[in-house]
Amino acid sequence: ITHARNRGLNSAQYDIIVRTDADTKVPEDWIEQIIRLFNEHNVDAITGDIFYPERVLHTRFISASYRFMCRTIYGFDVLLGPNMAIKKTSWEGIKNTVCLNDKEVHEDVDLSIHLDKVKGKIFYDKTLLVVTSSRRMIHNPYSLFIEYLFRMLKTYKKHYMR
């Protein structure tokens, strides 16, 4: 994932780079929302919520739980891959320091940590909402709370426990 993400970010030609997943639907005005948020806030990156329509409760609970775990572990909001944007200049400033081994880090969290290390600011906006598939969680309901927590802790260990 990391190498594909980096290739895409390195190939981007505009001041703001947006990223989503192949199984994600973004609102028609998603780009306009992102541009407005960058204009309103002096930040390096923006992220928002993820809605999983296949879940029984049809709520943002899953996204909120993940965000809570990340804020608890790292102390700041992390970028959520299906719903994120980063300034090209911010990416240029960290692209040679991000970790490349997906087995050692969660790529979105790693990107966020590297931004934080250079005092980059990530802005979370709850109104920036995308809809994505929860197919992984349907087949493995513990993936968010076990697999993702494990990946976050591995990333934490890689960066903060040397």
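The values are calculated or read from the model by the stated rules, or taken from the named source; none is laboratory data. All values derive from a computational prediction rather than experimental measurement. Glycine gets a Cβ as well: all are built from the backbone with ideal geometry, and neighbour counts include every protein chain shown. Each accessible area value is taken on the protein alone, full model and side chains, heavy atoms only, with ligands, DNA and RNA left out. Shrake-Rupley method; radii C 1.70, N 1.55, O 1.52, S 1.80 Å.
Kindly indicate whether any position in segment 74-87 is over 26 Å from Ile146 (Cα atoms), among the acidic types (Asp, Glu) and assigned to a loop (DSSP other than H, G, I, E, B).
Within segment 74-87, the first condition is being over 26 Å from Ile146 (Cα atoms), and the residues that meet it are 85-87.
Right, trim to among the acidic types (Asp, Glu) and you get none.
Looking for residues that are over 26 Å from Ile146 (Cα atoms), among the acidic types (Asp, Glu) and assigned to a loop (DSSP other than H, G, I, E, B), one finds none in segment 74-87, hence no.
If I filter segment 15-32 for residues that are out of contact with any strand residue (DSSP E or B) (no Cβ under 8 Å at 6 or more places or on another chain) and either among the hydroxyl-bearing types (Ser, Thr, Tyr) or within 19 Å of Gly120 (Cα to Cα) (or both), do I get at least one hit?
Of all residues in segment 15-32, those out of contact with any strand residue (DSSP E or B) (no Cβ under 8 Å at 6 or more places or on another chain) come to 22, 28-29, 32.
With the extra rule that they be either among the hydroxyl-bearing types (Ser, Thr, Tyr) or within 19 Å of Gly120 (Cα to Cα) (or both), the set shrinks to none.
Scanning segment 15-32 turns up no residue that is out of contact with any strand residue (DSSP E or B) (no Cβ under 8 Å at 6 or more places or on another chain) and either among the hydroxyl-bearing types (Ser, Thr, Tyr) or within 19 Å of Gly120 (Cα to Cα) (or both).
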Item to check | Search result, residues across segment 5-42 that are at pLDDT below 95 and hydrophobic (A, V, I, L, M, F, W, C) | outcome: Ala22
Item to check | Residues within segment 14-54 that are open to solvent by 80 Å² or more (accessible area, probe 1.4 Å) and in contact (Cβ under 8 Å) with a residue 24 or more places away in the chain, tallied | outcome: 5
Checklist entry - Taking the stated definitions as given, is Ile31 among the aliphatic types (A, V, I, L, M) and farther than 26 Å from Lys158 by Cβ? => result yes
Checklist outcome for this item: Arg55 meets each of (1) modelled with pLDDT of 90 or more; (2) in contact with a Ser or Thr (Cβ under 7 Å, 6 or more places away or on another chain) with one exception, condition (1)
